[in-house]
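Only one structure is covered here, and it is reproduced in the block below.
The values are calculated or read from the model by the stated rules, or taken from the named source; none is laboratory data. What you see is a predicted model; the values in this text were computed from it and never measured. Here Cβ is always computed from backbone atoms with ideal geometry, including for glycine, and neighbour counts include all displayed protein chains. Heavy atoms of the whole protein, side chains included, go into the accessibility calculation; ligands, DNA and RNA do not. Shrake-Rupley method; radii C 1.70, N 1.55, O 1.52, S 1.80 Å.
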Amino acid sequence: MSEIFVVEDAKLDKAIIKDVLNEMGYKVKCFFKAETVINFMKKIDSASLPKLIIIDIILAGQISGYQLAQKIKSNYNIPVIFLTGASDDKVQDNKQLLNGDLFLNKPIDQSELKNNVKIIMEKTRSVKTSKNDINENLVKYLDNQIWYYKDPYTYKMVNESYARFFGKNKENFNNEYIFNILAAKDAEEIIAENIDIFWDKKTFRKEKWVRNFKGESRLFKIKKTPIFNNRGNVKHLFCQAKDITEQNILENELRRNRDNLQRVIETIPDMIFLINKAGDILDVWTEDESQLLYSKKEAISKNIKEFLSRKTYNIYQTKINELFNEEKPVTFEYSLKINEEKKYYEARMLNINSYNQSQRIVVSVRDISKRKKSNLKLGKISREYETIFSNVENAIFLINVENETLKFQRLNTFHEKSTGLKTENIKGKTPVEIFGEELGLELEENYKQCLKKKVSISYEEELDLPAGRRVWLTKLTPVINDGEVEKIVGTSLDITENKQREKEIEYLSFHDKMTDLYNRRYFENEIQRLDSSRRLPITIIIADLDNLKYINDNYGHQKGDDYIKTAAQIIKDSIRKEDIAARIGGDEFALILPQTGGNGAHKIFQRIKEKENNYLKRNDSIEIFSISIGYAVKDRKEVSLEETFKKADQKMYANKTENKKR
């Protein structure tokens, strides 16, 4: 990486130059004094010498920038760019400028700095170009318009940007007379400028509206720089232009608003002071002069130290040093006792240091006494809220909303105890970061509904948390400020036991307690639901337990109950997972076989009979155990399941008659 030395004693300028060069990919070494540079260069070998040195003409120390450049040029073949805050005339009149290759005026134009560094570095790399020439490779990729005159009347070359503006190819300009390119009036004006520059040996700058080949006018900031030969005469003329049309529009707008700015300052509630680094008050603005301890005229003649206590002034001095060291605004609070009343203020300081001016600071002072009192009240309310939050026996959680990103803020004590989660483990994290992608996204969906609707919402959720799987009734309430949701307050009530009881009640309402099969109510609901189904065929099987009355009369009702349970188990073991089996009477069972025709129903029938025979072979079986079965199939939409049920029931009674004959 090529290295560039920067010799500059102004901290801000040095920072700007360093940032630009680093952005261009150069390594930068900065120096404060010329003497330091000379001593450093004596100690390094030729391979470590910089490719370019940028020097401020006026430096701290005994050696000026001009003298430093002269020493460098006499001992090393290193190009130099001068920095100066002086006018072009003063610089060009100084013959010591010949010690530098180019010069830049302050304040530094970053675009111009980039272009000039590219020019110098390209000159250094090129072996085919003479010391003061600029080749085509150098200028063709620069963003600004670049063109080059070999004499006052003739182009040498231009870059693509310049040629494109006039609707031509850059080759059209090579060694071509200006009159053959531009309109006669424009050509005469430019040639007159060029002659003056060649004669006066001074850089020429101006802003000018120029019309392109489309007839559009654009405002350019133009700089024409003479390139000197070894005898100090102008050899060629290097020109560059930056399109500042949009910048000009903004500047005009700023000028139009300048008067309004003063009115704005006078309407804001703050007291605004303009002071220097020593604390002397230079100006004051306020809408209400009664806020000042002195009149505006009296205040301007005083130092800030006269307003502040010793303790506050020490804070002020610390903040002033911080302001200039870190180069960013600083804020601090202080208090004053006025008419036996303690008043609180907030001061915000901004460094507005500019070139050729002493360091100046704008201090905006606001009376925050009301805010301080409000903060005391808020503190009391906050303590009360904290007591309630920590002791209520509901799980409460807070969620921060930051640009629609949801992050947990805290949990109350009851929440931590009942879930096993801890505030320190979830604070500042999203649901996905805490619970994983699947559950986290599910939780976020609920939270975003609250965010979107901006109203309270309630829902049930079952969560597997460190303290175990529980069911919660959760309510989310948005905290809205200026129409936007800032936080979500969540309260969760553990309803696990209630849900379990509900499930038990629901189960009992649809199941037969003795057999654990579905009951008649559930069966009839399913008949009604499936009656309109297009997924045909559907088979209904009716099974009736034979000889139940005989068992009850001769062996007792307990044996009769066992008889019913045995039949239920045989039926349950014979059907498929998708089939529905119900006990619809004391000794009567009904089965619904979805998407099952006659063949499938017959297989179920055979399975029941097979298991019935297996039971009868057991030593503890009831010898007269028998189940009568009938089934019917609905294979057309026009046929109702009620009709199908009746047909199955008829077939069951027919089967029962046959069983009695055996």
Heavy atoms of ILE396 accessible to a 1.4 Å probe, total area in Å² rounded to 10: 20 Å²
Heavy-atom accessible area per residue - the chain, 1.4 Å, Å²: 58 Å²
Tilt relative to the chain, helix 110-125 - C-alpha long axis, 0 to 90 degrees, to 10: 70 degrees
Separation of the LYS208 and ASP186 label points, Cα + 7 Å toward Cβ, nm: 1.0 nm
P(r) histogram, all alpha-carbon pairs of the range 507-630 included - 5 Å bins from 0, percent: 2, 11, 21, 22, 20, 13, 7, 3, 1, 0
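Work out the FRET efficiency for ILE480 and ASN75 from their Cβ-Cβ distance, taking R0 = 45 Å, and round it to the nearest 0.05.
0.05
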Separation of the ASP561 and LYS453 label points, Cα + 7 Å toward Cβ, nm: 4.8 nm
Dipole magnitude of the chain, debye to nearest 20 (Cβ charges: Lys/Arg +1, Asp/Glu -1, about Cα centre): 1620 debye
Partners for LYS235 among aspartates and glutamates (Cα-Cα distance below 16 Å; same-chain residues under 8 apart left out): ASP101, ASP133, ASP151, GLU193, ASP196, ASP200
Cα-centre dipole for the range 472-580 with unit charges at Cβ (Lys and Arg positive, Asp and Glu negative), debye to 20: 220 debye
Rounded to 10°, Cα long-axis angle of helix 11-23 versus longest principal axis of the chain: 60 degrees
Given charges at beta-carbon only (K, R positive; D, E negative), |dipole| of the range 332-402 in Debye: 440 debye
Hits among aspartates and glutamates - C-alpha to C-alpha of LYS297 under 12 Å, sequence gap 8 or more where chains match: ASP283, GLU289
For q = 0.06, 0.07, 0.11 Å⁻¹, Debye-computed log10 I/I(0) when each Cα of the chain counts as one equal scatterer: -0.70, -0.79, -1.20
Pairs from LYS11/LYS208; LYS51/LYS106; LYS27/LYS168; LYS513/LYS634; LYS513/LYS661; LYS18/LYS242 whose Cα-Cα separation, in the structure shown, is over 27 Å: LYS11/LYS208; LYS27/LYS168; LYS513/LYS634; LYS513/LYS661
Overall dimensions of the range 21-60 as given by Cα atoms, namely Rg and Dmax in Å: 11.3, 29
14 Å reach of a label modelled at LEU493, 7 Å along Cα-to-Cβ, counting backbone N of the range 396-426: 396
Cβ-Cβ FRET estimate between LEU336 and GLU460, R0 fixed at 35 Å, reported to 0.05: 0.05
Partners for LYS454 among lysines (Cα-Cα distance below 27 Å; same-chain residues under 8 apart left out): LYS407, LYS427, LYS429, LYS475, LYS487
Whole-number percent relative contact order across the range 375-443, with pairs defined as alpha carbons under 8 Å at least 6 apart: 22 percent
Length-normalised contact order for the range 610-662 - Cα pairs under 8 Å, 6+ apart - percent: 34 percent
For the range 381-469, the Rg and Dmax computed from alpha carbons only, in angstrom: 13.4, 39
In Å, descending, principal axis extents of the Cα set of the range 397-525: 59, 31, 25
Positive-end extreme of charge dipole, the chain - chosen from ALA299, THR331, ILE44 (charges on Cβ): ILE44
Unit charges at the beta carbon, dipole of the chain: most positive-side option, LEU250, TRP472, PHE165: PHE165
Local net charge near ASN554, Cβ-Cβ under 15 Å (Lys/Arg +1, Asp/Glu -1): -3
Theoretical gain in end-to-end length, SER374 to ILE352 [0.36 nm per residue, Cα-Cα removed]: 4.6 nm
Carbon and sulfur %, accessible surface of the chain computed with the full protein complex present, 1.4 Å: 47 percent
Relative contact order (percent, whole number), the chain, Cα cutoff 8 Å, 6+ residue spacing: 5 percent
Subset of LYS277/LYS302; LYS319/LYS373; LYS42/LYS71; LYS29/LYS114; LYS342/LYS377 violating a 20 Å alpha-carbon distance limit: LYS319/LYS373
Förster radius 25 Å - calculated FRET efficiency between SER217 and GLU23 (Cβ-Cβ, nearest 0.05): 0.20
Geometric extent, Cα atoms of the range 9-89 - Rg, Dmax (angstrom): 12.7, 38
Net +/- balance of residues flanking ILE604 in space, Cβ distance below 15 Å, scoring K and R +1, D and E -1: +3
Charge-dipole axis of the chain as Lys and Arg at +1 and Asp and Glu at -1 on Cβ define it, positive-most pick from ASN115, LEU411, THR644: ASN115
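Counting only helical runs of four or more DSSP H residues, what would the 222 nm mean residue ellipticity of the chain come to if each run contributes -39,500 (n - 2.57) and the total is spread over all its residues?
Theoretical 222 nm ellipticity from helices: -13000 deg cm²/dmol.
Suppose the chain between LYS328 and GLN67 were pulled fully straight at 0.36 nm per residue; how much longer would it get relative to their current alpha carbon spacing?
Contour length minus the Cα-Cα distance gives 90.4 nm.
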